[in-house]
Amino acid sequence: MAAITMKNIVKQYGDGFPAVNDVSLDVQDGEFMILVGPSGCGKSTLLRMIVGLEDITSGEMKIADRVVNKVAPRQRNLSMVFQNYALYPHLTVFENIAFPLRLAKKPDEEVRRRVTETAELLELTEHLERKPANLSGGQRQRVAMGRAIVRQADAFLFDEPLSNLDAKLRGQMRAEISRLQRRLGVTTVYVTHDQTEAMTLGDRVAVLRKGVLQQVGSPRELYEEPANLFVAGFIGSPSMNFLPATLDSSAEGTFLETPLGRFGLPDKITAAEIGDRDVVLVGIRPEHFEDASLVSEEKRARGTVVQAHVDVTEWLGNELYAYVPYEAPEDLAAQLRDLSRELDSDQLRTQAVVALDPASMISEGQEAELWIDTSRAHIFDPATGENLTRDEERVAALGRQAEQARLRQRQAQAGQAPTGQAGNGATQAKPDQEPPTSPD
Amino acid sequence: MHFVFRPPGQAAAGLLTLPWRLPLEHWTDERLVEIRQRGLSRHVVRFVAEGGTLYALKELHERLARREYGLLRRLHELGLPAVEAVGAVVDRGPDLDAILVTRYLDHAISYRSLFANPRGGQHPTDRLLDALVELLVRLHLAGFMWGDCSLSNTLFRFDAGAFAAYHVDAETAELHPSGLSEGQRHYDVDLARERIAGELFDLFAAGQLPPEVDPVEVADDVVRRYEGLWDELTREESLHPDDQQYRIAERLRRINELGFDVDEVELVDADTDAAVGTEGGVEGGADGEAIRMRVRTRVAEPGHHRRILYTRTGIDAQENQARRLLNDIAAFRAHLERETGHPIPEVVASNRWLAEVYELVVQSIPDELRGRLDEVEIFLEVLDHRWFMSERSGKDVGTMAAALDYFENVLPQVPDDLTGTP
Ligand SMILES: Nc1ncnc2c1ncn2[C@@H]1O[C@H](COP(=O)(O)OP(=O)(O)O)[C@@H](O)[C@H]1O
Ligand SMILES: Nc1ncnc2c1ncn2[C@@H]1O[C@H](COP(=O)(O)OP(=O)(O)O)[C@@H](O)[C@H]1O
Ligand SMILES: [Mg+2]
Ligand SMILES: [Mg+2]
């Protein structure tokens with residue numbers, strides 16, 4: 001097992017454009033790291049540089065404290081799982097898993113041992129002699145994973161492995177991969193363009209945009225304390241609403257004047273921090289709105305109530321969405337449209353998406369009272385995208401919490417690893433290699 | 001439900017009546033055709049015969065379908081050997097993926113049937129691999145990273161004793177016109193090695209591989225052949241002034257023998273180039289006389305459109321002219337199909353276009369102006385002129401009216417010695 005350390009990594013292709021630009025990222029030993037971002041942001045390039053399939057233009061790549069910039073892929077002992085794995089219909093499950101070992105011409109005895117172990121881990125033992133056609137979709141996917149695990153690599157790299165599965169199987173496999181990763185405790189880097197996948201899988205998530213690393217943190221940190229407008233818009237679905245706002249200081253205090261009404265300035269920011277910016281963007285997640293009539297008095301006081309014209313509602317049984325169009329100055333509207341396009345989202349940017357309690361009676365065409373939890377709003381500088389309300393102390397606390405949760409989970413896993421995996425001689429018989437199982 | 005079809009869209013009109021709202025797997029339409037021995041695939045892939053043409057249908061995620069559709073069209077435009085995308089069907093209903101429609105590659109043979117029915121007891125491994133490697137190199141020269149090169153994703157056709165290979169399945173591919181990095185090429189080749197070995201293991205398990213064929217050996221051989229061919233086509237050579245000419249001719253001959261054409265030969269002074277800072281391998285810097293030769297290999301089969309046009313119409317045109325004429329035929333065909341409401345075979349459309357459009361215009365060129373430009377060029381100018389006139393008058397003026405106006409007002413102004421033809 002191994003940590004992966006990237007320092008100022010740059011990749012330029014032939015046309016000179018930096019596809020990966022000055023990325024520094026530490027993946028800790030045993031950690032499950034997600035690389036996420038829209039298509040073309042450099043995820044696959046970065047992954048290929050880790051595996052050694054792509055030359056590094058500048059910067060330093062380390063695997064377990066060894067600089068590997070010039071080390072051949074085969075010597076890095078990493079296992080890459082591709083989007084389009086292939087199962088072979090005439091080969092048994094055993095041979096389908098054994099395949100990479102056969103390719104490497106490993107002796108039969110070793111092949112048998114490793115495949116047996118892997119099958120046990122994946123609960124495929126009783127299917128070893130069957131053909132893939134006789135397996136369920138989920139079992140087939142596990143065979144594909146078995147092929148990666150059987151190599152006993154120091155780290156796993158996944159490049160959008162689920163992107164050509166149907167939605168149901170995709171959900172199932174996410175759970176499966178996550179469980180397996182925790183169980184094996186092997187360092188894993190997983191690439192996806194899908195933020196939902198990113199948020200449900202990893203210990204930490206690294207968000208890339210046009211080759212530049214935007215933020216690395218636990219899913220919760222990204223959601224609650226986004227570093228900038230891009231991350232705020234990318235993480236969460238439906239995505240965060242951004243309202244243009246001007247600062248309005250009067251004898252009663254300082255307020256934000258938005259198209260949805262006037263808000264008190266959140267506690268975490270002062271007028272001084274907004275400085276002489278004429279306009280800022282207030283970011284409010286759909287779930288931080290509520291039908292004001294359903295909010296208790298006490299809670300009401302923590303936020304702001306606004307009057308809004310509800311254009312359309314969408315009732316999904318467990319969720320109710322209301323759409324509230326608003327006016328924005330043309331230049332900001334254009335900027336928000338660009339962001340939307342970059343995020344591959346079809347969400348209209350000058351329309352607030354509001355998630356309400358499904359019990360709410362608010363309906364289309366109505367003037368409604370909406371409560372906004374302004375304490376959870378963020379304020380962004382439209383020019384730089386910077387989040388002016390990010391709470392660094394809280395970020396640090398969230399980081400520590402996530403790390404502790406990960407370590408606890410690993411310890412728990414180590415305690416209950418099945419016999420025949422951790423501990424017994426099977427994997428430890430090879431002294432030159434650490435077992436891919438959890439440490440005792 | 002939504003259809004994205006490339007023009008001439010009406011050609012595929014009959015496809016509209018297929019049961020798109022059902023999962024492809026459950027279709028029972030009588031137009032379905034069973035193709036045995038096809039390549040291994042992850043998606044549901046089925047074939048239908050409609051209006052005399054055979055199509056391949058693949059059900060996959062909309063994002064991937066759109067991407068594959070786009071890439072296959074780009075390959076087609078580049079004249080690279082690949083199956084032809086006809087369209088994609090999206091928004092088929094809740095929980096249904098999109099369907100990509102490609103034209104079935106006529107006379108295509110999969111490696112499975114080649115191995116299952118060896119001709120004259122000879123297994124085709126050798127020629128098969130040559131064709132596959134040649135295809136991969138051609139794609140790489142064009143900046144196309146396949147991401148899934150395998151025997152299953154290659155279709156073969158007999159070609160005068162050898163095989164010609166065609167690309168199918170561009171779902172994971174990327175096109176980078178400025179060229180692939182070394183890493184991207186190696187990644188593709190690595191993947192091909194793995195896939196081919198796997199496919200041969202599978203054939204072996206199915207009892208269709210002769211015992212003397214070792215899957216891993218063959219897969220490694222593919223890598224060697226690829227590297228050999230790539231090197232031959234792209235290597236920079238340092239030439240000594242004395243045998244320069246001979247060496248250039250020699251190199252070009254070898255490249256032609258390998259079935260490729262040279263687009264450009266660039267000779268650079270070794271010194272100048274060293275100053276620019278290109279990496280390594282500069283020889284002969286000392287005497288300052290050595291010259292380095294770089295060859296740029298042509299990406300597509302040369303004269304691709306030209307040949308198609310010739311077989312369809314007998315018109316012999318230059319490549320770019322041919323491309324435009326083919327577009328005009330396609331538009332004409334779409335027009336016919338709209339008018340008649342049923343699909344028109346390509347041959348029929350081409351013949352009618354020739355008689356009703358092209359010949360008509362060409363025959364009415366006034367004799368005294370005939371030599372000003374070549375016929376094809378005149379025809380293309382008439383097309384431009386038609387566009388120009390229609391634009392000005394706000395309605396389509398029609399080809400004949402445009403031709404007459406062009407002969408009267410434009411063509412006489414072309415100097416009569418421009419093309420040098422009598
Ligand atoms: N050979 C190449 N030449 C030029 N640009 C390239 C090449 N390969 C990739 N790129 C560009 O590099 C960027 C990052 O690509 P990639 O790592 O594949 O992104 P992702 O995996 O996030 O979709 C993209 O803009 C892509 O177009
Ligand atoms: N246009 C076509 N012409 C001939 N055969 C085709 C065509 N499209 C697909 N096939 C056959 O169907 C198989 C599966 O199609 P493919 O696009 O590779 O699907 P998948 O993405 O699931 O691998 C191919 O290996 C090939 O044998
Ligand atoms: Mg990618
Ligand atoms: Mg395929």
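The values are calculated or read from the model by the stated rules, or taken from the named source; none is laboratory data. What you see is a predicted model, and the numbers here were worked out from it, not measured in a lab. All Cβ positions, even for glycine, are placed from backbone atoms using ideal geometry, and neighbour counts span all protein chains on display. Accessible surface areas use protein heavy atoms only, side chains included; no ligands, DNA or RNA. Shrake-Rupley method; radii C 1.70, N 1.55, O 1.52, S 1.80 Å.
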Give me the net charge of A:V310's neighbourhood, meaning all other residues with Cβ under 9 Å from the Cβ of A:V310; Lys, Arg count +1, Asp, Glu -1. -3
Quick one: 3J(HN,Hα) in Hz for segment A:196-213, Karplus 6.51/-1.76/1.60 with θ = phi - 60°, rounded, Gly and Pro as x. 5, 4, 4, 6, 8, 9, x, 6, 9, 10, 10, 9, 10, 9, 6, x, 10, 6
Rank these residues by their accessible area, most exposed first, probe 1.4 Å: A:K62, A:K7. A:K7, A:K62
Applying the span-like rule to chain B (DSSP H, Cα extent along axis at least 18 Å, Kyte-Doolittle mean at least 0.0) gives B:125-141
Determine the shielding of peptide B:175-181 by partner chains: average, over its residues, the number of Cβ atoms on other chains within 10 angstrom of each Cβ. 4
Scale the Cα Rg of the protein assembly as shown by the rule-of-thumb value 2.2 N^0.38 Å and send over the ratio, two decimals. 1.10
What is the Cα centroid distance between segment B:220-246 and segment A:387-409, reported in whole angstrom? 56 Å
Which residue, chosen from B:I315, B:N327, B:V397, occupies the Cα position most advanced towards the positive end of the dipole of segment B:304-413, where the dipole is computed from +1 (Lys, Arg) and -1 (Asp, Glu) charges on Cβ about the Cα centre? B:N327
Computed ³J(HN,Hα) along segment A:104-115: with the Karplus parameters 6.51/-1.76/1.60, θ = phi - 60°, integer Hz and x for glycine or proline, the list is 8, 6, 6, x, 3, 4, 5, 4, 4, 4, 5, 5
How much solvent-accessible surface does A:T116 expose, in Å² to the nearest 10, with a 1.4 Å probe and all protein chains in place? 50 Å²
Cβ-based charge dipole, chain B, positive-most Cα from B:L200, B:V44, B:N409: B:V44
Using only Cα atoms, tell me the angle between helix A:167-184 and the longest principal axis of chain A; keep it within 0 to 90° and round to the nearest 10. 60 degrees
What would the Debye formula give as log10 I(q)/I(0) at q = 0.07, 0.08 Å⁻¹ for the alpha-carbon point model of chain B, no solvent? -0.46, -0.60
Which of the peptides B:350-357, B:242-249, A:231-238, B:337-344 is most tightly packed, and how do the rest follow, judged by the mean count of other Cβ atoms within 10 Å per residue? A:231-238, B:350-357, B:337-344, B:242-249
Pop out the Kirkwood hydrodynamic radius of segment B:304-413 from its pairwise C-alpha distances, inverse of mean 1/r, in Å to one decimal. 14.6 Å
In debye to the nearest 20, how big a dipole does chain B give about its Cα centre with +1 on each Lys and Arg Cβ and -1 on each Asp and Glu Cβ? 1760 debye
For a quick check, take a GNM of chain B with Cα springs below 10 Å and name the residue from B:L233, B:L100, B:L114 with the largest mean-square fluctuation. B:L114
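Counting Lys and Arg as +1 and Asp and Glu as -1, each charge on the Cβ, what is the dipole of chain A about the Cα centre in debye, to the nearest 20?
2660 debye
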Under a straight-distance cross-link criterion of Cα-Cα below 25 Å, which lysines are reachable from A:K70, leaving out those fewer than 8 residues away in the same chain? A:K7, A:K11, A:K43, A:K62
C-alpha center-to-center spacing [segment A:320-350, segment B:143-197] in angstrom: 41 Å
Could you point to the residue in B:Y69, B:T172, B:Y226 farthest towards the positive end of chain B's charge dipole, with +1 and -1 charges on the Cβ of Lys/Arg and Asp/Glu respectively? B:Y69
Using alpha carbon positions and the Kirkwood radius, the Rg to Rh ratio of segment A:4-224 is 0.98
Shape descriptor, segment A:86-130: equivalent ellipsoid semi-axes (Cα gyration tensor, sqrt 5λ, whole Å, largest first) stand at 16, 14, 8
Count charges around A:K62 for me, please; just the other residues with Cβ under 15 Å from its Cβ, Lys/Arg as +1, Asp/Glu as -1. -2
Per DSSP H run of n ≥ 4, the term is -39500 (n - 2.57); total these for chain B, divide by its residue number, and report the mean residue ellipticity at 222 nm rounded to 500 deg cm²/dmol. -13500 deg cm²/dmol
Partners for A:K210 among aspartates and glutamates (Cα-Cα distance below 13 Å; same-chain residues under 8 apart left out): A:D22, A:E342
Suppose every K and R has +1 on its Cβ and every D and E has -1 on its Cβ; what is the size of the dipole of the protein assembly as shown about the Cα centre, in Debye to the nearest 20? 2820 debye
